Structures are given as structure tokens and as C-alpha cells.
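Colleague: Have a look at the structure that comes next, please.
What follows is calculated from the coordinates using simple rules that are stated; it is not laboratory data. Please read all numbers here as calculations on a predicted model, not as lab measurements. Here the Cβ positions follow ideal geometry from the backbone for every residue, glycine too, while neighbour counts run over all protein chains shown.
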Amino acid sequence: KTIDSLGDLRGKRVLVRSDFNVPLDGTTITDDGRIRAALPTLKRLTDAGARVIVMAHLGRPKGTPDPQYSLAPVAARLGELLGQDVVLAEDLVGPSAKKTVEALADGQVALLENVRFDARETSKADAERAELAGELAQLADAFVSDGFGVVHRKQASVYDVAQVLPAAAGDLVLGEVESLSKATGDPERPYAVVLGGSKVSDKLGVIANLLTKADRLLIGGGMVFTFLAAKGLSVGNSLLEEDQIETVKGYITTAEENGVEIVLPVDIVAADSFAADAPHQVVGADEIPDGTIGLDIGPESGKLFADKLADAKTIAWNGPMGVFEFEAFAAGTKAVAQGIIEATAAGGFSIVGGGDSAAAVRALGFDEAGFSHISTGGGASLELLEGKELPGLTVLAD
Ligand code: 3PG
């Protein structure tokens with residue numbers, strides 16, 4: 001259901017779930033991509049004369065108010081971007097929220113304080129979440145689900161509230177699903193997937209699914225060392241999940257059986273320690289010296305990966321290739337980003353998913369327009385690529 005299904009919204013109180021889980025340095029937002037991505041739906045609602053009540057989470061507080069996770073910096077930034085003051089209620093469903101909602105005029109926007117300050121939000125007990133959803137529903141006439149990054153969470157503000165108010169998917173959620181379904185449905189081939197990030201264990205489900213779906217799987221980031229170890233190579237002091245080695249061996253066998261090409265780096269940037277200024281050297285992937293830590297894929301691997309992406313018609317990328325936050329270890333991630341941009345210019349459809357890769361694209365100065373779609377979802381986009389049904393989406397279709 002889309003926003004149109006909610007009818008005339010003038011004067012109506014519309015509760016919107018957004019994903020404003022942005023990276024913070026103290027109280028400074030270091031990447032406001034998720035807030036910007038929420039603007040089209042919010043502007044559409046204010047233009048329609050709705051009284052907009054936004055709810056969101058920040059971080060993982062323990063179900064009780066905790067000032068370090070206050071949405072105050074988000075309210076300020078959202079106000080700047082919308083060009084109107086956004087009042088932050090001091091609570092979620094308490095006296096301050098009620099007063100704030102009552103004071104809203106048509107076309108105005110308020111933000112409720114962090115939904116995760118209420119333990120019922122993330123409760124595993126259906127009745128507890130339903131109770132909170134009931135209280136949230138009293139604040140509003142309709143619900144718009146627009147926090148794509150949280151649609152994989154069965155939580156009160158995402159899932160339960162959609163069952164008690166007239167509910168619709170916002171434009172961000174619709175756009176994300178439409179773009180991601182180009183990879184999850186019947187992807188145009190060759191379909192290449194680049195996976196990075198630190199842990200194989202975070203990506204088990206998605207790798208298993210991709211082994212039946214993708215043509216090429218390019219692996220970098222911290223997780224690559226478990227793949228190298230599974231091939232019998234020594235990885236020095238690099239990140240290694242010993243308990244995943246057998247699983248990865250199984251993946252390598254399945255890939256061979258299914259005709260899926262697993263592309264691993266041929267060289268590695270090995271550093272003496274985990275630090276921005278650590279002495280480092282480029283070594284073959286089969287000769288990582290004892291005592292060193294692999295912090296990026298090497299230049300030959302960057303070329304190899306770009307080559308494997310060049311003719312791809314569908315590309316999904318999740319996870320940086322190295323510790324891109326340190327200049328000395330950013331080249332691998334840059335090479336992959338550049339390779340994807342070129343493949344996109346040549347007619348491929350590219351999706352960047354995962355908070356880290358989207359942040360890497362912006363932090364490294366790449367033009368977001370060079371990619372077909374930059375997802376605001378981390379876990380949510382991975383779970384879609386994994387072929388899972390997401391509760392926050394199914395509840396809108398019901
Ligand atoms: C994210 O950052 O991926 C989303 O905001 C979800 O956050 P969570 O993993 O804490 O539920």
C-alpha cells in the first residue's frame with residue numbers, strides 16, 4: 001500500500017517510522033545520508049498538509065532513556081534540511097509526546113524521542129510490543145513505514161503499529177524494494193556481488209543464497225582471511241574466524257558445483273599493526289608474513305576486481321574492501337567503487353548496500369550519482385539479498 005491509499009491527509013496526524021540511525025562523533029552527525037533519504041516522504045506529507053510525527057531509533061540503548069542516544073542532533077539536522085523547526089518530544093508516548101502532537105499545525109513535523117528508550121519496542125513478547133503500538137496509535141490517524149533500514153526488525157514501531165493504524169509504505173521503502181528486487185528477482189547477467197566487511201559470520205545466509213544466484217562472488221575486507229585460510233594459506237595476525245573455516249570450505253565446493261566464480265584477492269596490504277600510520281607492504285595473498293595484519297586488498301587485486309565487474313549487468317556491493325577510514329588502506333575500496341561506477345556507466349545496474357559501504361562511497365568522495373542505487377539499509381538490504389521475507393514489508397502487504 002502506498003501513501004495514496006491513505007486518502008486526503010490534510011489535518012491528519014501521520015506517524016512515520018524513519019531510520020535515523022546515523023553515525024555520530026559525540027553529538028556531531030558524521031554522515032546524514034539516512035536523514036536526507038527520508039526527506040522526499042516527509043516533504044510529500046507536509047505538502048499534503050499532514051501533521052507529521054516521526055519516530056526513529058538511534059543506536060542500541062537498553063530500553064531506558066540514555067542521553068548519549070538522544071535524537072536531539074537528528075532533530076536539529078532534520079529541521080535544517082526541511083527548512084522548518086522540528087520539535088523533539090522528550091518521550092515517546094508520554095506527556096511530552098502528547099503535548100507535542102497536540103501543538104502540531106498542518107504541514108509541521110515533530111520527532112519523538114528514541115523509540116528504543118522504551119523496552120517494549122524490541123520486546124520478544126508480542127503482547128508487550130502490541131501494547132506500545134496501541135499507545136503510539138493513539139497519537140496518530142495513519143502510519144507510514146519509511147525506515148527501510150529497519151524493515152527486517154519485528155519491532156513495535158515497524159511491525160506492530162502497522163497492524164493497528166491504516167498503514168502504507170513510504171517512498172523510500174518503495175524505491176529501495178524496487179531497486180533491490182532487480183538483484184533478488186531475476187537479475188540481468190552476469191550478476192556480480194562484492195562482499196567485504198569484517199565478519200564472515202554476519203554474511204553466512206547471504207553467501208549461501210548467492211551461491212545459487214550470482215555468477216561471481218568477489219570477496220574482500222576482513223572476512224577474506226577466513227577464505228584464504230580455508231584454502232590452506234597462512235594469514236599472519238589478520239582477522240580470522242577459525243570456527244567458520246569449515247563452512248567456508250563448503251562454500252568453495254558449492255561454488256565449484258554451481259559454476260559460481262569466487263574471486264579472492266591475489267595480493268594484500270599487510271601492516272605491522274592496526275593503525276593509520278602503521279608500516280605496511282604489499283605481499284602476495286599466499287605470502288602474508290607472520291605477525292602482520294592484512295588491512296586492505298592490494299593493487300593487483302583492485303585491478304582484478306574491477307576487471308571482474310567490467311561486463312557485469314547487475315552488481316551488488318556490501319562491505320568495504322579494507323580499513324578505508326585510514327588513507328593508507330583505502331585503495332582497495334576505491335578501486336572497487338571506481339570499477340562499479342565504470343560498469344554502471346557501461347549499462348550495468350549497481351546497488352550499494354550496507355551502511356558502511358554507503359558511508360565509504362561518500363567519505364571517499366565518490367559521486368553517488370555514479371551508482372544506480374545506494375541503499376540506506378545495512379541488515380535489511382542483506383536480508384533481502386538473502387531471499388528472506390522481512391516482517392516490516394510483509395505487514396504492509398497484508
Ligand atoms: C541499521 O543501522 O542497520 C538499522 O538502523 C538497524 O539498526 P539495528 O541493527 O540496531 O536494529
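Colleague: Any chance you could check the Cα centroid distance between the range 47-118 and the range 375-392 for me, in angstrom?
Modeller: 25
Colleague: To continue, here is another question. Can you tell me the dipole magnitude for the range 177-385 around its Cα centre, using point charges on the Cβ only (Lys, Arg +1; Asp, Glu -1), in Debye to the nearest 20?
Modeller: 500
Colleague: Taking amide hydrogens as modeled 1.01 Å from N in the peptide plane, which residues meet the under 5 Å criterion relative to F349, leaving out close sequence neighbours?
Modeller: Placed amide hydrogens put T314, I315 under 5 Å from F349.
Colleague: For the range 197-236 and the range 267-326, write down the distance between their C-alpha centroids in whole Å.
Modeller: Taking the Cα centre of each part, the range 197-236 and the range 267-326 sit 14 Å apart.
Colleague: Label the range 195-254 by shape, choosing from rounded, prolate and oblate, from the square roots a ≥ b ≥ c of the eigenvalues of the Cα gyration tensor; if a/c is under 1.5 it is rounded, and otherwise prolate applies when a/b is larger than b/c, oblate when it is not.
Modeller: prolate
Colleague: Can you give me the three principal axis dimensions of the range 177-385 from its C-alpha atoms, in Å, biggest first?
Modeller: Taking the Cα atoms of the range 177-385, the three principal extents are 46, 39, 27 Å.
Colleague: For the chain, modelled as a Gaussian network with Cα springs under 10 Å, which listed residue fluctuates most, G59, G222, G377?
Modeller: The residue with the greatest mean-square fluctuation here is G59.
Colleague: Output the relative contact order of the range 280-398, whole-number percent, from Cα pairs under 8 angstrom with separation of 6+ residues. Each step should come with its number before you reach the end.
Modeller: On the way: 157 pairs, mean separation 25.8, N = 119.
Reported relative contact order: 22 percent.
Colleague: State whether the range 1-147 is rounded, prolate or oblate according to the following rule on the C-alpha gyration tensor (a ≥ b ≥ c being the square roots of its eigenvalues): a/c under 1.5 gives rounded; otherwise a/b larger than b/c gives prolate, and the remaining case gives oblate.
Modeller: Oblate is the answer for the range 1-147, as a/c is 1.5 or above yet b/c matches or exceeds a/b.
Colleague: Using 0.36 nm per residue, how much length does the chain from D47 to E256 gain when fully extended, once their Cα-Cα distance is taken away?
Modeller: Working it through step by step, the gained length comes to 69.8 nm.
Colleague: Next question. Taking amide H positions as placed 1.01 Å from N in the peptide plane, with prolines and chain starts having none, which residues 5 or more places from G170, or on another chain, fall under 5 Å of its amide H?
Modeller: S145, D146
Colleague: Report relative contact order for the range 177-385 in percent, whole number only (criteria: Cα-Cα under 8 Å, sequence separation at least 6).
Modeller: Worked out over the range 177-385, it gives 22 percent.
Colleague: Still on this structure: With a 10 Å cut-off between alpha carbons and a GNM built on the chain, which of V109, V177, V336 moves the most?
Modeller: Comparing V109, V177, V336 in the GNM, the peak value goes to V177.
Colleague: Still on this model: Which whole-Hz ³J(HN,Hα) couplings does the range 201-216 yield from phi under the Karplus relation 6.51 cos²θ - 1.76 cosθ + 1.60, θ = phi - 60°, glycine and proline marked x?
Modeller: Along the range 201-216, the couplings run 4, 6, 10, 4, x, 5, 5, 4, 5, 5, 5, 9, 10, 7, 8, 9 Hz.
Colleague: Taking θ as phi - 60°, what are the ³J(HN,Hα) couplings along the range 185-200 by the Karplus curve (6.51, -1.76, 1.60), each to the nearest whole Hz, with x for Gly and Pro?
Modeller: Listing the rounded values in order: x, 10, x, 5, 10, x, 10, 10, 10, 10, 10, x, x, 7, 10, 5 Hz.
Colleague: Another question, then. Evaluate the charge dipole of the chain about its Cα centre and quote only its size in Debye, nearest 20, assuming +1 on the Cβ of each Lys and Arg and -1 on the Cβ of each Asp and Glu.
Modeller: Roughly 960 debye for the chain.
Colleague: On a full-extension model of 0.36 nm per residue, what is the gain between L39 and A276, subtracting their alpha-carbon distance, rounded to one decimal in nm?
Modeller: Computed gain between L39 and A276 is 81.8 nm.
Colleague: Hey, what's the Kirkwood Rh for the range 294-386 if you take every pair of different alpha carbons, in angstrom?
Modeller: 13.0
Colleague: Sequence-distant or interchain residues sharing an amide H contact under 5 Å with I262, placed H: which?
Modeller: L217
Colleague: Residue by residue through the range 100-113, what is 3J(HN,Hα) from phi via Karplus (6.51 cos²θ - 1.76 cosθ + 1.60, θ = phi - 60°)? Round to whole Hz and write x for glycine and proline.
Modeller: Along the range 100-113, the couplings run 4, 5, 4, 7, 5, 9, 4, x, 9, 10, 10, 10, 8, 5 Hz.
Colleague: While we're on this one: Please work out how much length the chain gains when fully extended from D8 to Q68, using 0.36 nm per residue of separation minus the C-alpha to C-alpha distance, in nm with one decimal.
Modeller: Details: separation 60, 0.36 × 60 = 21.60 nm, distance 3.84 nm.
Net length gain for the segment: 17.8 nm.
Colleague: Ok, one more. Please report, largest first and rounded to whole Å, the three semi-axes of the ellipsoid equivalent to the chain, where each semi-axis is the square root of five times an eigenvalue of the C-alpha gyration tensor. Mind dumping the intermediate values first?
Modeller: Working: eigenvalues 327, 93, 75 Å².
Each semi-axis is the square root of five times an eigenvalue, giving 40, 22, 19 Å.
Colleague: Per the Cauchy relation, a quarter of the hull surface: what is the mean projected area of the convex hull of the alpha carbons in the range 63-182, in nm²? Please list the in-between numbers first.
Modeller: Values: hull surface 32.4 nm².
Quarter of the Cα hull surface area: 8.1 nm².
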